[in-house]
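**Student:** Have a look at this one.
The values are calculated or read from the model by the stated rules, or taken from the named source; none is laboratory data. If you're wondering where the values come from, they're calculated on a predicted model, not measured in any experiment. Cβ coordinates were reconstructed from backbone atoms using ideal geometry, including for glycine residues, and neighbour counts include every protein chain displayed. Note: areas computed on protein heavy atoms with side chains; ligands, DNA, RNA excluded. Shrake-Rupley method; radii C 1.70, N 1.55, O 1.52, S 1.80 Å.
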Amino acid sequence: LLLSLAYASVALSQESPSYKSYTGKILDRQSGKPIVFANVVLQGTNIGTVTNADGEFIIKAPVDWNLDRIEITHLGYQSKTMNLSDLQQTGNEIMLAMAALPIEGITVSYGDPEELILRAVQNIPHNYSSEPVMLKAFYRETTKQNRNYVGVAEAVLDIYKADYKTISGTDRTRIYKGRKSQDVKKMDTVIVKLQGGPFISLLLDVAKHPGDIMSVDYLNLYDYTYGGMTSVQDRQAMIIYFEPKKYIKDPLYEGKFFLDIENLAII
């Protein structure tokens, strides 16, 4: 019996996790609403994740790396850095404040918002890389029934980004390492998958794939309004809101652009 207990003790110590896991939610300080796709990164490393549709995240810190800081960023919000020692392993709620850019004593006017968008499109070949680059990325795709996950797929990707000299270039992606589970929970629901897969995320690069959002032929289908200024990664940016014109019946997009104030790059 003593021998068995000693063996069990050794086995448990050998299986002890080599990382510490932290979970929580990222919320808007003013509205309390979840912030989707916020970046959560262990400072000084390439270990990071993004929040899901409910603002939730999970990140795992290797215990032997002596990491002590975590950084949370999101477009249009002030970045926040925290000590890992200040976090609980579960149930963390982290508030981000909107990034306001104070302008003292002047009124700034940048003319017609539609003209700004057109100039941003024309500047794409000058504002983005003229050489191809390789990227490493993490991908996660989930399917939920109510609040339960019924399908999860994750992968580490190698991404080849072609140059921006020609729009709709030949971007490529391959799965370096991946895993998938389709039986997380038994279900009686029919799933209709409209779009998915790692390559679909590359189409969100509107500078290269303007589609129904930034194609010159579609600009006259939207109304544009100037939304003020903000700070994005310590650079001044203009906010341009867009929505389909009232008479348009097709299911187009609505949202906002962040344009760099110096070169009108699409941030």
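**Student:** Pairs, please: C-beta under 7 Å, at least 6 apart or cross-chain, first residue without any contact (Cβ under 8 Å) to a residue 24 or more places away in the chain and in the range 152-165, second assigned to a strand (DSSP E or B) and among the hydrophobic types (A, V, I, L, M, F, W, C)?
**Tutor:** V156/F138
**Student:** Being closer than 30 Å to Q145 by Cβ, small (G, A, S) and at pLDDT 90 or above narrows it down to one residue among G91, G48; which is it?
**Tutor:** Every option except G91 fails the conditions.
**Student:** Counting just the residues of the range 76-89 that are of a type in the set (S, T, Y) and under 22 Å from the mean Cα position of the chain (by Cα), which one comes out surrounded by the fewest Cβ atoms within 10 Å (Cβ to Cβ)?
**Tutor:** Per the criteria, the residue is T81.
**Student:** Separate question: Identify the single condition in (1) basic (K, R); (2) under 25 Å from E141 (Cβ atoms); (3) over 21 Å from the mean Cα position of the chain (by Cα) that K20 does not satisfy, given that it satisfies every other one.
**Tutor:** Tallying (1) basic (K, R); (2) under 25 Å from E141 (Cβ atoms); (3) over 21 Å from the mean Cα position of the chain (by Cα), K20 fails exactly one: (2).
**Student:** Which count do you get for residues in the range 210-225 that are charged (D, E, K, R), surrounded by 14 or more Cβ atoms within 10 Å (Cβ to Cβ) and in a helix (DSSP H, G or I)?
**Tutor:** The qualifying residues number 1.
**Student:** Which one of these does F199 not meet: (1) closer than 29 Å to L264 by Cα; (2) at pLDDT below 85; (3) open to solvent by less than 80 Å² (accessible area, probe 1.4 Å)?
**Tutor:** Against the list (1) closer than 29 Å to L264 by Cα; (2) at pLDDT below 85; (3) open to solvent by less than 80 Å² (accessible area, probe 1.4 Å), F199 comes up short only on (3).
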